[in-house]
Amino acid sequence: MSYLCCMKTEIIILGTGNALVTRCYNTCFALRNEETILLVDAGGGNGILRQLSDAGIAIGDIHDLFVTHAHTDHIIGALWVIRVFLQHKARGICQGNIRIYGHEKVIRVILNMMRDMLPQKLVKEIGVSVIFKELNDRDTFEVGNLRFQCFDILSTKEKQFGFTTCLPDGQKLVCLGDEPYNEHNRSLVEGADWLMSEAFCKYADRDTFKPYEKHHSTVKDAAQLAEELGVRNLILYHTEDKTIHTRKRDYTAEASAYFHGNIFVPDDLEVIPISLS
């Protein structure tokens, strides 16, 4: 299901859940237009292969993967994407390279997983068909016709990068990662046309799900932030899954009490068109 239609740049939501969900997949998504597919995170296992297949995205069409941080629910799926890409390339099903973007720990963890868990014939593709692009805070990188700037979210739990990018039609898209916003990054986030923000649960359910103890936000927190920063469109993800059947309705209702822009609470495999050109 898409919220809008006839748009050329879209976010394909592959998963919406936090680390321990069982009713949906872990949070990850693809940013796609006519020239570009950037996979952002890959969830915690080979379920990413099912999600990509159901979304109609061929592994061989993924040449760029940005991993926000090294938590299991974001990084382990990357190993499966790399493995299948290399196997398909060896069979002539796809061509080219796959580029992995992330900070030093992300790169180190993926390299170690490859060396420890994959066949030697695939390990030999490190630096050949699998190209690692280590990023530092505020570095820029290009994927197709999109230019990204990453930023350290200054997590106190695990080093993590978000990013901002300017879409072909001039809109600004910001991904905050899966922890709360830090004021240090205001200049990169303020005035975003599209803000992707975690919302672990409703504020009304904070005593049940304990978001603050887990270094996460509530829907109310994310909505108030978006309003303060002058955001136009707010996408909420990385949620609990115990209320998944009413999540869209209830999260939207809570967010709308604090944020006056457009609110999107997607389900897994939902497509959000975000740009006209």
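The values are calculated or read from the model by the stated rules, or taken from the named source; none is laboratory data. Everything quoted here is computed from the prediction, not taken from an experiment. Neighbour counts run over all protein chains shown; Cβ positions are idealised from the backbone, glycine included. What goes into the accessible areas is simple: the full protein's heavy atoms, side chains included, and nothing from ligands, DNA or RNA. Shrake-Rupley method; radii C 1.70, N 1.55, O 1.52, S 1.80 Å.
Could you tell me whether the range 227-244 includes any residue that is open to solvent by less than 30 Å² (accessible area, probe 1.4 Å) and among the charged types (D, E, K, R)? Checked against the condition, which is being open to solvent by less than 30 Å² (accessible area, probe 1.4 Å) and among the charged types (D, E, K, R), the range 227-244 yields at least one hit.
Within the range 115-158, track down each residue that is acidic (Asp, Glu), open to solvent by 40 Å² or more (accessible area, probe 1.4 Å) and either touching a Gly at 6+ places or on another chain (Cβ under 9 Å) or under 15 Å from residue 104 (Cα atoms) (or both).
134, 137, 139
Of 223, 192, all but one fail to be among the small types (Gly, Ala, Ser), in contact (Cβ under 8 Å) with a residue 40 or more places away in the chain, closer than 27 Å to residue 151 by Cβ and not in a helix (DSSP H, G or I); the exception is 192.
Quickly run through the range 159-192 and pick out the residues that are of a type in the set (Gly, Ala, Ser) and open to solvent by less than 10 Å² (accessible area, probe 1.4 Å).
The answer is 162, 177, 192.
For the range 83-99, does any single residue satisfy the condition of being closer than 16 Å to residue 163 by Cβ and in contact with a strand residue (DSSP E or B) (Cβ under 8 Å, 6 or more places away or on another chain)? Yes, that holds for at least one residue.
Per-residue answers, yes or no, for (1) within 19 Å of residue 28 (Cβ to Cβ); (2) at pLDDT below 95; (3) of a type outside the set (A, V, I, L, M):
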residue: 245; (1), (2), (3): no, no, yes
residue: 249; (1), (2), (3): no, no, yes
residue: 257; (1), (2), (3): no, no, no
residue: 261; (1), (2), (3): no, no, yes
residue: 268; (1), (2), (3): yes, no, yes
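Mind checking which residues of the range 235-256 are closer than 22 Å to residue 193 by Cβ and assigned to a loop (DSSP other than H, G, I, E, B)? The answer is 238, and nothing else. In the set (1) buried (at least 18 other Cβ atoms within 10 Å of the Cβ); (2) β-branched (Val, Ile, Thr); (3) over 20 Å from residue 235 (Cβ atoms); (4) touching a residue at least 60 places away in the same chain (Cβ under 8 Å), residue 21 fails one condition alone, (3).
What residue, among those in the range 197-220 that are among the charged types (D, E, K, R) and not in a loop (DSSP other than H, G, I, E, B), is least open to solvent (accessible area, probe 1.4 Å)?
Of the residues in the range 197-220, the ones among the charged types (D, E, K, R) are 198, 202, 205-207, 210, 213-214, 220.
Add one more test, that the residue is not in a loop (DSSP other than H, G, I, E, B), and what stays is 198, 205-207, 213-214, 220.
Numbers: 198: 1, 205: 37, 206: 77, 207: 116, 213: 139, 214: 84, 220: 41 Å².
Taking the candidates together, the pick is 198.
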